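Everything on this sheet refers to the single structure shown next.
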Amino acid sequence: MQRTIAAWQEQLGPLLDHVAARQMEDFGQIGAERKADGSLITTCDRWSDHTISQWLQDRFPGTGVLSEEGSTRVPLQEWAWILDPLDGTTNFTYGIPHWTISLALLHRGRPMMGWLEIPPLGQRIIVVRGEGVERNGRPLQSPTDVVTPNACASLCTRSMVVLQRRADHRFPCKLRMFGVASTNMAGVALGQSLGALEASPKIWDLAAAWLVLEELDCPIEPLAGHPFPARPGAQLATVGYPLLAVAAPSLFPLFRPWAAALQLKGQSPPG
(Lines give C-alpha, C1' and ligand atoms only; values in the text may rest on other atoms or scores of the structure.)
Protein backbone atom coordinates (compact mmCIF):
# COMPACT_ATOMS: atom_id res chain seq x y z
CA MET A 1 0.00 0.00 0.00
CA GLN A 2 2.84 2.39 0.82
CA ARG A 3 4.07 2.40 -2.79
CA THR A 4 0.60 3.04 -4.24
CA ILE A 5 -0.21 5.83 -1.81
CA ALA A 6 3.20 7.43 -2.20
CA ALA A 7 2.75 7.61 -5.97
CA TRP A 8 -0.64 9.27 -5.71
CA GLN A 9 0.44 11.53 -2.86
CA GLU A 10 3.21 12.84 -5.07
CA GLN A 11 0.60 13.76 -7.66
CA LEU A 12 -2.36 14.89 -5.57
CA GLY A 13 -0.80 15.97 -2.28
CA PRO A 14 0.38 19.42 -3.44
CA LEU A 15 -2.96 20.07 -5.13
CA LEU A 16 -4.94 19.28 -1.98
CA ASP A 17 -2.50 21.35 0.08
CA HIS A 18 -3.06 24.31 -2.25
CA VAL A 19 -6.86 24.07 -2.18
CA ALA A 20 -6.98 23.48 1.58
CA ALA A 21 -4.84 26.57 2.17
CA ARG A 22 -7.18 28.76 0.12
CA GLN A 23 -10.19 27.36 1.97
CA MET A 24 -8.60 28.13 5.32
CA GLU A 25 -8.01 31.72 4.17
CA ASP A 26 -11.66 32.13 3.15
CA PHE A 27 -13.11 30.22 6.12
CA GLY A 28 -15.81 32.31 7.80
CA GLN A 29 -14.80 35.38 5.77
CA ILE A 30 -17.05 35.23 2.70
CA GLY A 31 -20.79 35.20 2.09
CA ALA A 32 -22.82 32.49 0.42
CA GLU A 33 -25.59 32.23 -2.15
CA ARG A 34 -28.51 29.84 -1.99
CA LYS A 35 -28.77 27.24 -4.74
CA ALA A 36 -32.04 25.97 -6.21
CA ASP A 37 -32.05 23.00 -3.83
CA GLY A 38 -31.71 25.29 -0.81
CA SER A 39 -28.06 24.47 -0.08
CA LEU A 40 -25.37 27.15 0.08
CA ILE A 41 -22.53 27.86 -2.30
CA THR A 42 -19.63 30.31 -2.05
CA THR A 43 -17.02 31.63 -4.44
CA CYS A 44 -14.59 29.31 -2.66
CA ASP A 45 -16.74 26.28 -3.56
CA ARG A 46 -16.61 27.33 -7.20
CA TRP A 47 -12.89 28.10 -7.12
CA SER A 48 -12.10 24.79 -5.42
CA ASP A 49 -14.20 22.83 -7.90
CA HIS A 50 -12.64 24.54 -10.92
CA THR A 51 -9.08 24.25 -9.59
CA ILE A 52 -9.29 20.55 -8.78
CA SER A 53 -11.32 19.58 -11.86
CA GLN A 54 -9.03 21.48 -14.24
CA TRP A 55 -5.92 19.96 -12.66
CA LEU A 56 -7.33 16.45 -13.01
CA GLN A 57 -8.32 16.99 -16.63
CA ASP A 58 -4.93 18.49 -17.49
CA ARG A 59 -2.95 15.62 -15.98
CA PHE A 60 -5.32 12.74 -16.70
CA PRO A 61 -6.94 13.70 -20.02
CA GLY A 62 -8.41 10.25 -20.58
CA THR A 63 -10.58 10.42 -17.45
CA GLY A 64 -13.90 12.11 -16.81
CA VAL A 65 -14.90 14.34 -13.90
CA LEU A 66 -18.21 14.35 -12.03
CA SER A 67 -18.52 17.11 -9.44
CA GLU A 68 -21.13 18.84 -7.33
CA GLU A 69 -20.42 22.29 -8.76
CA GLY A 70 -19.48 21.16 -12.28
CA SER A 71 -20.84 18.36 -14.46
CA THR A 72 -23.29 16.25 -12.45
CA ARG A 73 -23.65 13.61 -15.16
CA VAL A 74 -21.71 10.35 -14.76
CA PRO A 75 -18.83 10.41 -17.26
CA LEU A 76 -18.75 7.89 -20.08
CA GLN A 77 -15.07 7.11 -19.56
CA GLU A 78 -13.99 3.84 -17.90
CA TRP A 79 -12.03 5.85 -15.33
CA ALA A 80 -13.59 8.95 -13.78
CA TRP A 81 -13.12 11.30 -10.85
CA ILE A 82 -15.94 12.24 -8.50
CA LEU A 83 -15.56 15.40 -6.45
CA ASP A 84 -17.22 17.38 -3.71
CA PRO A 85 -14.89 20.37 -3.43
CA LEU A 86 -16.29 21.59 -0.11
CA ASP A 87 -18.63 19.26 1.75
CA GLY A 88 -20.00 21.33 4.62
CA THR A 89 -20.49 24.75 3.05
CA THR A 90 -22.88 25.89 5.78
CA ASN A 91 -20.25 25.18 8.43
CA PHE A 92 -17.60 26.88 6.30
CA THR A 93 -19.74 29.99 5.78
CA TYR A 94 -20.71 30.41 9.43
CA GLY A 95 -17.25 29.83 10.87
CA ILE A 96 -17.81 26.29 12.14
CA PRO A 97 -14.47 24.50 11.71
CA HIS A 98 -15.61 21.27 10.09
CA TRP A 99 -15.74 20.61 6.36
CA THR A 100 -14.14 18.21 3.89
CA ILE A 101 -12.78 17.97 0.36
CA SER A 102 -13.98 14.61 -0.95
CA LEU A 103 -12.38 13.07 -4.04
CA ALA A 104 -12.63 9.54 -5.41
CA LEU A 105 -11.46 7.71 -8.52
CA LEU A 106 -14.06 5.45 -10.12
CA HIS A 107 -13.41 2.48 -12.40
CA ARG A 108 -16.47 1.38 -14.32
CA GLY A 109 -18.60 3.25 -11.85
CA ARG A 110 -17.09 1.89 -8.62
CA PRO A 111 -14.74 3.76 -6.25
CA MET A 112 -11.20 2.41 -6.35
CA MET A 113 -9.29 5.15 -4.51
CA GLY A 114 -10.42 8.03 -2.34
CA TRP A 115 -9.20 11.10 -0.49
CA LEU A 116 -10.88 12.95 2.36
CA GLU A 117 -9.08 16.20 3.13
CA ILE A 118 -10.27 17.91 6.33
CA PRO A 119 -8.48 21.30 6.31
CA PRO A 120 -9.50 22.65 9.76
CA LEU A 121 -8.35 19.42 11.44
CA GLY A 122 -5.20 19.01 9.38
CA GLN A 123 -6.23 15.47 8.43
CA ARG A 124 -5.87 13.59 5.16
CA ILE A 125 -7.51 10.19 4.81
CA ILE A 126 -6.47 8.06 1.82
CA VAL A 127 -8.09 4.77 0.84
CA VAL A 128 -7.12 2.27 -1.86
CA ARG A 129 -9.39 -0.65 -2.70
CA GLY A 130 -7.85 -3.87 -1.39
CA GLU A 131 -5.02 -2.01 0.36
CA GLY A 132 -6.69 -0.35 3.33
CA VAL A 133 -6.93 3.16 4.76
CA GLU A 134 -4.39 5.65 6.10
CA ARG A 135 -4.89 8.84 8.08
CA ASN A 136 -1.95 11.22 7.95
CA GLY A 137 0.29 8.35 6.91
CA ARG A 138 -0.78 5.90 9.61
CA PRO A 139 -2.74 2.74 8.72
CA LEU A 140 -6.16 2.36 10.32
CA GLN A 141 -7.77 -0.77 11.72
CA SER A 142 -11.41 -1.83 11.72
CA PRO A 143 -13.40 -0.18 14.54
CA THR A 144 -14.92 -1.88 17.57
CA ASP A 145 -18.59 -2.82 17.87
CA VAL A 146 -18.67 -2.39 21.66
CA VAL A 147 -21.71 -0.41 22.82
CA THR A 148 -20.97 1.71 25.88
CA PRO A 149 -23.03 4.41 27.66
CA ASN A 150 -20.89 7.07 25.96
CA ALA A 151 -20.88 5.61 22.45
CA CYS A 152 -21.94 8.01 19.69
CA ALA A 153 -23.89 7.81 16.46
CA SER A 154 -24.52 10.48 13.86
CA LEU A 155 -27.67 11.73 12.17
CA CYS A 156 -27.87 14.24 9.36
CA THR A 157 -30.29 17.18 9.53
CA ARG A 158 -32.93 15.43 7.44
CA SER A 159 -32.71 12.17 9.39
CA MET A 160 -33.47 13.91 12.69
CA VAL A 161 -37.13 13.24 11.89
CA VAL A 162 -36.68 9.69 13.18
CA LEU A 163 -36.53 11.05 16.74
CA GLN A 164 -40.10 12.31 16.31
CA ARG A 165 -41.33 9.17 14.57
CA ARG A 166 -39.98 7.00 17.40
CA ALA A 167 -40.61 9.43 20.22
CA ASP A 168 -41.49 6.59 22.58
CA HIS A 169 -38.05 5.02 22.13
CA ARG A 170 -34.74 6.23 23.46
CA PHE A 171 -32.03 6.62 20.83
CA PRO A 172 -29.36 4.02 21.69
CA CYS A 173 -26.32 6.33 21.58
CA LYS A 174 -25.26 9.89 22.19
CA LEU A 175 -26.07 11.93 19.10
CA ARG A 176 -23.61 13.85 16.98
CA MET A 177 -24.45 15.91 13.90
CA PHE A 178 -21.55 17.54 12.09
CA GLY A 179 -23.32 18.71 8.95
CA VAL A 180 -20.82 16.93 6.67
CA ALA A 181 -22.10 13.72 5.09
CA SER A 182 -18.71 12.43 4.01
CA THR A 183 -17.15 12.66 7.46
CA ASN A 184 -20.32 11.49 9.22
CA MET A 185 -19.94 8.27 7.25
CA ALA A 186 -16.17 8.03 7.52
CA GLY A 187 -16.46 8.64 11.27
CA VAL A 188 -18.02 5.19 11.62
CA ALA A 189 -14.98 3.58 10.03
CA LEU A 190 -12.61 5.72 12.11
CA GLY A 191 -14.17 4.55 15.37
CA GLN A 192 -15.72 7.92 16.20
CA SER A 193 -19.30 6.62 16.06
CA LEU A 194 -21.06 3.25 15.97
CA GLY A 195 -23.46 4.19 13.21
CA ALA A 196 -24.52 6.90 10.80
CA LEU A 197 -27.93 7.51 9.25
CA GLU A 198 -27.93 9.73 6.17
CA ALA A 199 -31.24 10.71 4.57
CA SER A 200 -30.18 12.11 1.20
CA PRO A 201 -26.43 12.13 0.49
CA LYS A 202 -25.43 12.72 -3.12
CA ILE A 203 -22.95 10.43 -4.83
CA TRP A 204 -20.13 13.00 -4.52
CA ASP A 205 -20.74 13.13 -0.75
CA LEU A 206 -20.35 9.43 -0.26
CA ALA A 207 -17.97 8.00 -2.90
CA ALA A 208 -14.69 8.29 -0.95
CA ALA A 209 -16.30 7.62 2.45
CA TRP A 210 -18.07 4.54 1.04
CA LEU A 211 -14.73 3.00 0.12
CA VAL A 212 -13.27 3.89 3.53
CA LEU A 213 -16.13 2.00 5.17
CA GLU A 214 -15.74 -1.00 2.88
CA GLU A 215 -11.98 -1.22 3.41
CA LEU A 216 -12.41 -1.19 7.20
CA ASP A 217 -15.15 -3.86 7.08
CA CYS A 218 -17.98 -1.52 8.09
CA PRO A 219 -21.22 -2.60 6.39
CA ILE A 220 -23.43 -0.14 4.54
CA GLU A 221 -27.12 -0.71 3.95
CA PRO A 222 -28.63 1.39 1.13
CA LEU A 223 -32.21 2.37 1.97
CA ALA A 224 -33.40 3.37 -1.50
CA GLY A 225 -31.17 2.30 -4.37
CA HIS A 226 -27.47 1.52 -4.60
CA PRO A 227 -25.11 4.26 -5.85
CA PHE A 228 -22.56 1.88 -7.35
CA PRO A 229 -21.78 1.08 -10.03
CA ALA A 230 -22.74 4.54 -11.23
CA ARG A 231 -24.36 4.26 -14.65
CA PRO A 232 -22.49 6.12 -17.41
CA GLY A 233 -24.49 9.12 -18.63
CA ALA A 234 -26.83 9.18 -15.62
CA GLN A 235 -27.78 12.66 -14.39
CA LEU A 236 -27.32 12.66 -10.61
CA ALA A 237 -27.83 16.32 -9.71
CA THR A 238 -30.98 15.61 -7.69
CA VAL A 239 -30.50 11.93 -6.79
CA GLY A 240 -29.99 11.07 -3.13
CA TYR A 241 -28.93 7.74 -1.66
CA PRO A 242 -30.24 7.30 1.90
CA LEU A 243 -28.21 4.79 3.85
CA LEU A 244 -27.31 3.28 7.18
CA ALA A 245 -23.64 2.62 7.96
CA VAL A 246 -22.54 0.72 11.06
CA ALA A 247 -19.18 -0.21 12.54
CA ALA A 248 -19.92 -3.95 12.42
CA PRO A 249 -22.78 -6.27 11.30
CA SER A 250 -23.65 -6.99 14.94
CA LEU A 251 -24.90 -3.38 15.25
CA PHE A 252 -27.59 -3.59 12.57
CA PRO A 253 -30.33 -4.70 15.05
CA LEU A 254 -29.56 -1.63 17.16
CA PHE A 255 -29.95 0.85 14.32
CA ARG A 256 -32.29 -0.73 11.76
CA PRO A 257 -35.50 0.39 13.56
CA TRP A 258 -34.29 3.97 13.20
CA ALA A 259 -33.50 3.47 9.55
CA ALA A 260 -37.00 2.02 9.09
CA ALA A 261 -38.48 5.12 10.72
CA LEU A 262 -36.70 7.27 8.15
CA GLN A 263 -38.36 5.30 5.38
CA LEU A 264 -41.92 5.24 6.69
CA LYS A 265 -44.28 4.79 3.73
CA GLY A 266 -45.79 8.00 2.50
CA GLN A 267 -43.61 10.15 4.76
CA SER A 268 -40.54 11.73 3.24
CA PRO A 269 -37.81 13.37 5.28
CA PRO A 270 -38.12 17.14 5.24
CA GLY A 271 -36.15 18.93 2.51
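Among the numbered conditions (1) part of a helix (DSSP H, G or I); (2) closer than 30 Å to Y94 by Cβ; (3) of a type in the set (S, T, Y), the only one that T238 does not meet is (1). Screening the candidates V147, V133 for the property of being among the aliphatic types (A, V, I, L, M) and not in a strand (DSSP E or B) yields one hit, V147.
Is the range 175-182 home to any residue that is closer than 17 Å to P227 by Cβ and surrounded by 19 or more Cβ atoms within 10 Å (Cβ to Cβ)? For the range 175-182, residues closer than 17 Å to P227 by Cβ and surrounded by 19 or more Cβ atoms within 10 Å (Cβ to Cβ): present. Scan the range 36-53 and report the pairs whose first residue is more than 17 Å from V180 (Cβ to Cβ) and surrounded by 15 or more Cβ atoms within 10 Å (Cβ to Cβ) and whose second residue is of a type in the set (K, R) and modelled with pLDDT of 95 or more, with Cβ atoms within less than 6 Å and a gap of 6+ or a chain change. Note: no pairs meet the criteria.
For the range 203-227, the candidate set comprises residues that are closer than 21 Å to T63 by Cα and touching a Gly at 6+ places or on another chain (Cβ under 6 Å); within that set, the residue that is surrounded by the fewest Cβ atoms within 10 Å (Cβ to Cβ) is L211.
The values are calculated or read from the model by the stated rules, or taken from the named source; none is laboratory data. Because the structure is a prediction, the values reported are computed rather than measured. Cβ sites come from the backbone with ideal geometry, for glycine too, and all protein chains shown count toward neighbours.
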